[in-house]
Amino acid sequence: MNFIVFNEIIQYLEFNQDVINLLRVDKKSYSFRKLIRFPRAPCEFWEKNDSIDIPLKYRVLAIKNDKQYDRVRNIKGLLDNLSYDHLKYNTSPSRVIEPFLTRQERLTKVSLGRDFNQPFYNGLFPLSIVSLKFIESSGIISFFSGKFSQVIIEGHLPEKLLSLSLGNIFNHPIAVNTIPQTLVSLTLGAEFDQNIDFLKPLLNLKKLDLGVQFNREIQPGQLPANLEYLCLSHRYNIPLKPNALPNSLVWLSMSFHYNFDIGYGVLPNNLKRIKFGSRFNSSCCFNSGIERITFGGDFNQVLTNLIFQNPIDSVKCISFRRSASFKQEINENSLPRNIKSLKLQYSFSQPLSELQRIYPNLESLSIGEKKFVLTSLKN
């Protein structure tokens, strides 16, 4: 086994012991021990030992508490020689993060714990950082936690940042040019409800989650021109205007409360998938390229009230989410003619015996968790 193959294999291993076992397969594999990066730095080991005579290259360094912070920082020569790609950092606010960011030329990801509320400043993060997120103490990424509530000023974030997730209570205005234009993915905090003009220059942004509390009118041209994925979270409940959503959008998740008629020109031409929130029970004019439609729990409209722009051959799947109220009859004018998949819920009680005749291209029908053979459907 050559080094390239060996190194590729260990990227899928989560535990140091698994890598050690692989090193012991033969002499050639063992010779790679000083070249590889082990999965996780052994902070528990350093809680009880001062030795640095062990491998010091890791994919992840997870500082879980103040004790680990103090030990790793104070063991002579450890931080000077330790190398890691991803820093998971969760300590009390009294501990500063700087010692774990300096001299880390390979560091690309920083995940900050829920108690982190240290001000950012120019030069705090290495230029190599591409991902900055807030996490639970368990290490699970969370968009609804974290105490970070510091104003972010231009130049404070790493200039090559690709992914940014802000914490639970962050709700400060963000000025234009504060967010690096390299950003590809942005999740705003649960409490965020500020002007979003700062988004327009972010031409590389592909994914955007506007946060639970966001409820401001989105103006045409306000969102980035190349945005592909947009999540309007829980609270958003303002009618969308025509051309407010960029034509580049392919995936849209509507908010829990949104319940307005969606007229012609609101959904962009390139939209492929739309997922409605639980409260949506209104009519909608779908764009011609839509492929997958998911309705929420309250939807119970006569399907002929839905408008599918011609041509409508693109629709592949329509589904009604769990606890759906939908109980309307499905007839010849209810669905796009070429629909391939239909997912209903157990509460649905209308006859289905003519479904396959009306929609001969239908390949899959689900009612709840059950799938039916279409050729044997009966009332």
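Restricting the search to the range 361-378, which residues are modelled with pLDDT of 75 or more, in a loop (DSSP other than H, G, I, E, B) and in contact with a helix residue (DSSP H, G or I) (Cβ under 7 Å, 6 or more places away or on another chain)? Across the range 361-378, the qualifying residue is only Leu362. In the range 276-323, the residue that is farthest from Pro239 (Cα to Cα) out of those that are in contact with a Cys (Cβ under 9 Å, 6 or more places away or on another chain) and not in a loop (DSSP other than H, G, I, E, B) is Arg292. Number of residues in the range 258-272 that are part of a loop (DSSP other than H, G, I, E, B) and surrounded by 17 or more Cβ atoms within 10 Å (Cβ to Cβ): the value is 6. Report whether or not Ile339 is within 25 Å of the chain's Cα centre (by Cα) and of a type in the set (A, V, I, L, M). Taking the combined requirement at face value, the residue does not satisfy it.
When the range 45-92 is examined, which residues are found to be among the hydroxyl-bearing types (Ser, Thr, Tyr) and in contact with a strand residue (DSSP E or B) (Cβ under 9 Å, 6 or more places away or on another chain)? Hits for the range 45-92 are Tyr58, Tyr69, Ser83, Tyr84, Tyr89, Thr91.
Got at least one residue in the range 225-240 being among the hydrophobic types (A, V, I, L, M, F, W, C), in a loop (DSSP other than H, G, I, E, B) and over 23 Å from Ile307 (Cα atoms)? Taking every residue of the range 225-240 in turn, at least one turns out to be among the hydrophobic types (A, V, I, L, M, F, W, C), in a loop (DSSP other than H, G, I, E, B) and over 23 Å from Ile307 (Cα atoms).
Please enumerate the residues belonging to the range 161-176 that are of a type in the set (S, T, N, Q) and either at pLDDT 95 or above or under 19 Å from Ser131 (Cβ atoms) (or both). Of everything in the range 161-176, those that are of a type in the set (S, T, N, Q) and either at pLDDT 95 or above or under 19 Å from Ser131 (Cβ atoms) (or both) turn out to be Ser163, Ser165, Asn168. Inside the range 187-208, can you point out the residues that are buried (at least 21 other Cβ atoms within 10 Å of the Cβ) and modelled with pLDDT under 95? Hits for the range 187-208 are Thr187, Leu188, Gly189, Ala190, Phe192. Applying the set (1) under 14 Å from the mean Cα position of the chain (by Cα); (2) more than 15 Å from Phe134 (Cα to Cα); (3) buried (at least 18 other Cβ atoms within 10 Å of the Cβ) to Pro158 leaves exactly one unmet item: (1). Please tell me if Asn281 is at negative phi and either crowded, with 18+ Cβ neighbours inside 10 Å or at pLDDT 95 or above (or both). Criteria not met by Asn281.
Answer with yes or no whether Leu188 is touching a residue at least 24 places away in the same chain (Cβ under 8 Å) and hydrophobic (A, V, I, L, M, F, W, C). Taking the combined requirement at face value, the residue satisfies it.
Here the range 114-156 is the region considered, the condition is being closer than 17 Å to Lys64 by Cβ, in a loop (DSSP other than H, G, I, E, B) and not charged (D, E, K, R), and the residue that is modelled with the highest pLDDT is Phe116.
Scanning the range 5-16 for residues that are in a helix (DSSP H, G or I), exposed (fewer than 11 other Cβ atoms within 10 Å of the Cβ) and not acidic (Asp, Glu) returns a single hit, Val5. Quick one: how many residues across the range 55-81 are in a loop (DSSP other than H, G, I, E, B) and over 19 Å from Leu13 (Cα atoms)? Final tally of qualifying residues: 5.
The values are calculated or read from the model by the stated rules, or taken from the named source; none is laboratory data. Quick caveat: nothing in here was measured; it's all calculated off a predicted structure. All Cβ positions, glycine included, derive from the backbone under ideal geometry; neighbour counts span all protein chains shown.
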